[in-house]
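The values are calculated or read from the model by the stated rules, or taken from the named source; none is laboratory data. Here the structure is a predicted model, which is why all the values come from computation and not from measurement. Neighbour counts run over all protein chains shown; Cβ positions are idealised from the backbone, glycine included. SASA here: full protein model, heavy atoms, side chains in, ligands and nucleic acids out. Shrake-Rupley method; radii C 1.70, N 1.55, O 1.52, S 1.80 Å.
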Amino acid sequence: MDFATFLEYFRTFIPAAWTTLQITFFGILVGVLLGIIFALMRISKTKFLTLPAKLYISIIRGTPLLLQLLLIYFGLVNIVRLDRIPSAIIALGIHNGAYIAEIFRGAIQSIDRGQKEAGISLGMTGGQVMKRIILPQAFKRAIPPLGNQFIIALKDSSLASAVGVQELLLHSRQLASANYLMMEMLTIAAIFYLIMTSILTFLTNRLERRLKVSDHRV
Amino acid sequence: MDHMIKIKSLSKSYGKLKVLKNIDLDVSPSEVVVIIGASGSGKSTLLRCINFLEKPQKGTITIDGKEVNHKTKNLHLIRREVGMVFQHFNLFPHMTVMNNVIEGLTQVKKVPHAEAIEQGKAMLEKVGMLDKADVYPAMISGGQKQRVAIARALAMNPQIMLFDEPTSALDPELVGEVLQVMKSLAEEGMTMVVVTHEMGFAREVADRVIYMDEGQIVEQGSFEQVFDNPQNDRTKAFLSHII
Ligand SMILES: Nc1ncnc2c1ncn2[C@@H]1O[C@H](COP(=O)(O)OP(=O)(O)OP(=O)(O)O)[C@@H](O)[C@H]1O
Ligand SMILES: [Mg+2]
């Protein structure tokens with residue numbers, strides 16, 4: 001394949017890459033929101049909140065994402081009829097929510113007990129301590145594992161091909177079967193994934209470094 | 001004279017372990033009480049009960065006339081009256097020195113920001129840390145951290161200050177600056193309960209020394225009474241050990 005043909009094919013991947021980015025972005029957004037909610041439920045002191053959170057986390061982590069996606073797209077058909085892309089976003093969001101909840105929980109629990117006590121002894125309420133003292137520090141600690149999770153989410157978005165979302169993997173496979181250039185088309189998809197994951201890595205590293213200014217043990 | 005702190009038959013246990021056994025203790029306004037005792041004797045637990053960080057199973061604690069027991073709600077309102085300084089400083093690492101000091105003022109007392117800064121400056125001045133107002137805790141020494149922690153507690157204008165081994169995590173050459181701040185606080189008439197093994201401080205500043213053993217107060221009196229003429233054999237053994 002000469003370079004001009006390669007470029008020609010390459011350009012057809014751009015809309016698919018855009019779709020990959022979109023489902024990843026919105027999936028992560030839903031995942032972070034769910035993650036915060038379930039992390040706070042999980043560490044609360046009432047069983048009424050911890051039990052549902054534990055249940056959610058163990059069900060999601062104990063079953064494959066592909067199955068969750070198929071369940072949402074095909075399985076719920078009689079209850080709600082969701083389009084391909086919303087199905088993919090919801091599945092990715094719910095799936096990542098469980099992992100992100102565990103990331104936040106670990107980060108919150110890693111903050112030294114003395115921090116809470118110092119806040120409490122100033123007369124702050126539990127809520128104030130959480131919002132002003134614990135969460136800002138926990139968020140900082142969560143950045144490296146979160147970045148990692150975002151990269152996993154980006155790659156997992158390729159599973160959306162199973163319900164016919166025109167994202168990178170499906171596009172490359174369709175082209176490949178039309179022109180018998182399997183190796184070439186998969187390689188182009190791989191290049192796109194690599195570019196996007198590299199950018200994500202770069203961004204999280206930069207954020208981490210920026211927030212490090214004040215971050216030492218006290 | 002009314003007592004600033006009045007503790008009546010206070011008992012605290014963790015599971016089966018009885019850490020405080022029926023403690024009675026009254027502290028007068030402006031009194032400085034130093035608590036000594038072996039590791040595990042319950043000194044920290046007693047302080048933490050006075051600040052309601054721990055809930056005792058039994059007994060009452062009265063702070064400036066307000067009685068607190070295990071059923072009292074809104075503990076955070078009473079905690080404002082009691083400042084606490086910890087062994088490991090527990091400064092907030094994500095906030096500058098100044099923001100550490102004004103956190104309680106702005107969040108708890110809802111003092112407007114500009115006014116809080118003014119008060120914060122006064123507190124930092126008092127502990128000799130005004131020049132470090134804008135740096136993060138990670139950039140200052142242990143002694144400086146502890147002085148900032150004292151300023152943070154003082155900013156709430158508490159009636160009582162509790163110190164739990166405030167100098168024992170410090171390098172020896174940094175101990176003096178912290179004790180100096182505590183000493184001037186005592187001279188201003190602050191009511192203080194201090195757990196420490198700094199005997200020079202106890203001799204100079206303490207109005208009363210209390211020796212705790214296995215969750216009980218077994219000896220108390222002036223520094224001279226406790227050190228030069230201890231009545232209890234355990235006190236004698238402990239003192240021979242630390243001096
Ligand atoms: N949260 C807790 N859970 C269980 N046991 C505890 C807890 N906190 C303290 N203890 C136990 O209570 C006892 C008294 O502890 P405390 O910290 O009050 O002692 P201390 O006199 O301050 O000792 P040190 O000089 O080592 O600081 C110890 O045996 C300790 O192990
Ligand atoms: Mg202690």
- So which residues in the stretch A:15-56 are of a type in the set (Ser, Thr, Tyr) and over 19 Å from the mean Cα position of the chain (by Cα), if there are any at all? A:SER44, A:THR46, A:THR50
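Can you tell me which of B:ILE50, B:ILE63, B:ILE102, B:ILE36 is out of contact with any Lys or Arg (no Cβ under 7 Å at 6 or more places or on another chain), of a type in the set (Val, Ile, Thr) and away from chain A (no Cβ under 14 Å)?
On the way: B:ILE50 fails: away from chain A (no Cβ under 14 Å); B:ILE63 fails: away from chain A (no Cβ under 14 Å); B:ILE102 fails: away from chain A (no Cβ under 14 Å).
Going through B:ILE50, B:ILE63, B:ILE102, B:ILE36 in turn, the sole match is B:ILE36.
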- Task: Identify, from the list B:ILE35, B:ILE23, B:ILE50, B:ILE61, the residue that is over 13 Å from the mean Cα position of the chain (by Cα), under 24 Å from B:HIS197 (Cβ atoms) and open to solvent by less than 10 Å² (accessible area, probe 1.4 Å).
- Result: B:ILE23
- Message: Filter the stretch B:202-215 down to the residues that are open to solvent by 30 Å² or more (accessible area, probe 1.4 Å) and within 16 Å of ligand 2 (Cβ to nearest atom) and list them by number.
- Response: B:GLU214
- Residue in the stretch B:75-84 that is within 16 Å of ligand 1 (Cβ to nearest atom), buried (at least 18 other Cβ atoms within 10 Å of the Cβ) and more than 12 Å from every other protein chain (Cβ to nearest Cβ) present: no
- Message: Which residue is farthest from the other protein chains (Cβ to nearest Cβ), if the candidates are limited to the stretch A:109-157 and must be over 22 Å from the mean Cα position of the chain (by Cα) and small (Gly, Ala, Ser)?
- Response: A:GLY127
- Message: For the stretch B:196-231, which positions are under 19 Å from the mean Cα position of the chain (by Cα), farther than 20 Å from B:GLY42 by Cα and in a helix (DSSP H, G or I)?
- Response: B:GLY200, B:PHE201, B:ARG203, B:GLU204, B:VAL205, B:PHE223
- Note on the structure: Among the residues of the stretch B:128-169, the number that are within 13 Å of another protein chain (Cβ to nearest Cβ) and more than 16 Å from ligand 1 (Cβ to nearest atom) is 26
- Write out, first by first residue and then by second, each pair whose Cβ atoms fall under 9 Å of each other, whose residues are 6+ apart or on separate chains, and whose first residue, in the stretch B:87-99, is more than 8 Å from chain A (Cβ to nearest Cβ) while the second is assigned to a loop (DSSP other than H, G, I, E, B) and within 16 Å of ligand 2 (Cβ to nearest atom). B:GLN87/B:GLU165; B:GLN87/B:PRO166; B:GLN87/B:THR167; B:GLN87/B:SER168; B:GLN87/B:ALA169
- Query: In this structure, is B:MET199 closer than 22 Å to B:ASP26 by Cβ, away from ligand 2 (no atom under 16 Å from the Cβ) and either modelled with pLDDT under 95 or not basic (Lys, Arg) (or both)?
  - Reply: no
- Message: Quick check on B:GLU118: is it modelled with pLDDT of 95 or more and open to solvent by 50 Å² or more (accessible area, probe 1.4 Å)?
- Response: yes
- Has the stretch A:2-14 got at least one residue that is under 23 Å from the mean Cα position of the chain (by Cα) and in a helix (DSSP H, G or I)? yes
- Query: Limited to the stretch A:138-160, what total is found for residues that are more than 13 Å from A:ILE100 (Cα to Cα) and either among the acidic types (Asp, Glu) or crowded, with 21+ Cβ neighbours inside 10 Å (or both)?
  - Reply: 5
- Only helices (runs of 4 or more DSSP H) wholly contained in the stretch B:73-149 count here; list those with 2 or more residues that are within 20 Å of B:GLU177 (Cβ to Cβ). B:97-107, B:113-126
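Condition check ((1) within 23 Å of B:GLN159 (Cα to Cα); (2) among the β-branched types (Val, Ile, Thr); (3) in contact (Cβ under 8 Å) with a residue 40 or more places away in the chain) across all residues:
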{"residue": "B:ILE7", "(1), (2), (3)": "yes, yes, yes"}
{"residue": "B:LEU10", "(1), (2), (3)": "yes, no, yes"}
{"residue": "B:LYS18", "(1), (2), (3)": "no, no, yes"}
{"residue": "B:ILE23", "(1), (2), (3)": "yes, yes, yes"}
{"residue": "B:ILE35", "(1), (2), (3)": "yes, yes, yes"}
{"residue": "B:SER44", "(1), (2), (3)": "yes, no, yes"}
{"residue": "B:LEU47", "(1), (2), (3)": "yes, no, yes"}
{"residue": "B:ASN51", "(1), (2), (3)": "yes, no, yes"}
- Give just the number: which of (1) surrounded by 20 or more Cβ atoms within 10 Å (Cβ to Cβ); (2) more than 19 Å from B:SER39 (Cβ to Cβ); (3) at pLDDT below 95; (4) not basic (Lys, Arg) does B:VAL226 not satisfy? (2)
- For the stretch A:1-39, how many residues meet the condition of being of a type outside the set (Val, Ile, Thr) and free of Cβ contacts under 8 Å to residues at least 40 places away in the same chain? 8
